[in-house]
Amino acid sequence: MTRYFEWSDARREEREEGLRAFAGLLATAGRIAFLTGAGISTESGLPDFRSADGVYSETSESLFSLDGFLEDPDTFYARFAPFYRRLCASNPNAGHLAIARLEREFGKKVDVVTQNIDELHSRAGSTHVSEIHGTLGTARCLLCDKVYESASFRESVASGTTPRCEACGGVLKPEIVFYGEELPIPALNAAYRSMWEARLLVVAGTSLQVYPAAGLPRECDAGISFVVVNKTPTPLDSQATLVFRGSCGEIFSGALEYLPEAMKRDSLGSF
């Protein structure tokens, strides 16, 4: 039976109950998979794409079509620059950092599958990250296929100028997934493996509306625990063990406060 916690309305006792239950699941899971979306990065000050004040409200979905980019990359970079500058100024928040701490401080095997292109999970310290929608950390020349790290094109993109290859002069395309492109096969394969191997799945900051990412939870074993942390409902809420309506950063960091106690309890219970 699913247990729901409406974070803004929950009493202190209810919050503690929810965080202890979450910590208990984290303690007993040998391998944890996180599936994250824009909702975790909005807590770093980044806009999502589809909300009233999201990226598409200032641009449009068509800006991110592959055909449109190939036809007019200058327009893409000119209109994309404000979002890119915000991304460059952003930092990992408490949610990203808590996920990384599970691996670094608590010795958990943690896989992060993210729809986000901002690299905040990696910057927070997570070492097993599958970026299924690509990343703004690299760009590839459309003519000679040379790959560039962001340091070499950041200034150009931030100013709204089209970056070009130093070798052949070709246009650089950011290695994010545009409409009309396939998802990167290595990242997608890694995402499927993460779902198959997970003993606990945590869906964070995504309403599970965009496929194929929205279908990934169905790849998990039917018997594993499943936690949703999102501010709005998802199609799989009724199948989850715990559902939290609230901030990823607040809930993840709060659960980690109870994790040492839960891990100790789990260790004693194994004798």
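The values are calculated or read from the model by the stated rules, or taken from the named source; none is laboratory data. On a predicted model such as this, the values are computed, not experimentally measured, just so you know. Because the Cβ atoms are built from the backbone with ideal geometry, glycine has one as well, and the counts that use them run over all protein chains shown. To get the accessible areas, we keep the full protein, side chains included, count just its heavy atoms, and leave off ligands, DNA and RNA. Shrake-Rupley method; radii C 1.70, N 1.55, O 1.52, S 1.80 Å.
Is it the case that region 102-117 has a residue that's touching a Ser or Thr at 6+ places or on another chain (Cβ under 7 Å) and more than 22 Å from residue 192 (Cα to Cα)?
Step one: filter region 102-117 for residues touching a Ser or Thr at 6+ places or on another chain (Cβ under 7 Å), giving 103, 110-117.
Applying the additional criterion that residues be more than 22 Å from residue 192 (Cα to Cα) yields none.
There is no residue in region 102-117 that is touching a Ser or Thr at 6+ places or on another chain (Cβ under 7 Å) and more than 22 Å from residue 192 (Cα to Cα).
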Being open to solvent by 50 Å² or more (accessible area, probe 1.4 Å) and among the β-branched types (Val, Ile, Thr) is the requirement here; does residue 147 meet it? yes
Residue pairs meeting the criteria (Cβ under 6 Å; at least 6 apart or on separate chains; first closer than 16 Å to residue 248 by Cα and at pLDDT below 95, in region 1-28; second part of a loop (DSSP other than H, G, I, E, B) and open to solvent by less than 20 Å² (accessible area, probe 1.4 Å)): 7/246
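Out of the residues in region 109-156 meeting the condition of being acidic (Asp, Glu) and assigned to a loop (DSSP other than H, G, I, E, B), tell me which one is farthest from the chain's Cα centre (by Cα). Step through it out loud before you land on a result.
Filtering region 109-156 down to residues acidic (Asp, Glu) leaves 111, 118-119, 131, 145, 149, 155.
Remaining after also requiring assigned to a loop (DSSP other than H, G, I, E, B): 118-119, 145.
Details: 118: 9, 119: 9, 145: 27 Å.
Filtering first and then ranking leaves 145.
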If you scan region 1-24, which residues turn out to be surrounded by 22 or more Cβ atoms within 10 Å (Cβ to Cβ) and out of contact with any Phe, Trp or Tyr (no Cβ under 7 Å at 6 or more places or on another chain)? 22
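Name the residues in region 133-144 that are open to solvent by 30 Å² or more (accessible area, probe 1.4 Å) and over 30 Å from residue 193 (Cβ atoms), would you?
From region 133-144, those open to solvent by 30 Å² or more (accessible area, probe 1.4 Å) are 133, 140, 142-144; that's our starting set.
Result: 142, 143, 144.
Being open to solvent by 40 Å² or more (accessible area, probe 1.4 Å), at pLDDT 95 or above, within 22 Å of residue 248 (Cα to Cα) and touching a Ser or Thr at 6+ places or on another chain (Cβ under 9 Å) narrows it down to one residue among 122, 130, 90; which is it? Outline the logic, then answer.
Details: 130 fails: open to solvent by 40 Å² or more (accessible area, probe 1.4 Å); 90 fails: open to solvent by 40 Å² or more (accessible area, probe 1.4 Å).
One residue alone meets the criteria, 122.
Would you mention how many residues in region 220-239 are over 14 Å from residue 34 (Cβ atoms), in contact (Cβ under 8 Å) with a residue 12 or more places away in the chain and of a type in the set (A, V, I, L, M)? Walk me through it before giving the result.
Filtering region 220-239 for residues over 14 Å from residue 34 (Cβ atoms) gives 221-223, 231-239.
Within this subset, residues satisfying the condition of being in contact (Cβ under 8 Å) with a residue 12 or more places away in the chain are 221, 231-239.
With the extra rule that they be of a type in the set (A, V, I, L, M), the set shrinks to 236.
Total satisfying the criteria: 1.
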Per the filter on region 190-218, residues open to solvent by 60 Å² or more (accessible area, probe 1.4 Å) and on the phi > 0 side of the Ramachandran plot are none
Inside region 219-271, the number of residues satisfying the requirement of being closer than 17 Å to residue 2 by Cα and either open to solvent by 50 Å² or more (accessible area, probe 1.4 Å) or in contact with a Ser or Thr (Cβ under 7 Å, 6 or more places away or on another chain) (or both) is 19
Condition met for residue 179 (within 19 Å of residue 38 (Cα to Cα), surrounded by fewer than 19 Cβ atoms within 10 Å (Cβ to Cβ) and either touching a Cys at 6+ places or on another chain (Cβ under 9 Å) or in contact (Cβ under 8 Å) with a residue 24 or more places away in the chain (or both)): yes
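Could you list, in sequence order, the residues of region 98-119 that are of a type in the set (A, V, I, L, M, F, W, C) and either over 23 Å from residue 83 (Cβ atoms) or open to solvent by less than 10 Å² (accessible area, probe 1.4 Å) (or both)? Break it down stepwise before answering.
Step one: of region 98-119, the residues of a type in the set (A, V, I, L, M, F, W, C) are 98-100, 102, 106, 110, 112-113, 117.
Passing the criteria: 98, 99, 100, 102, 106, 110, 112, 113.
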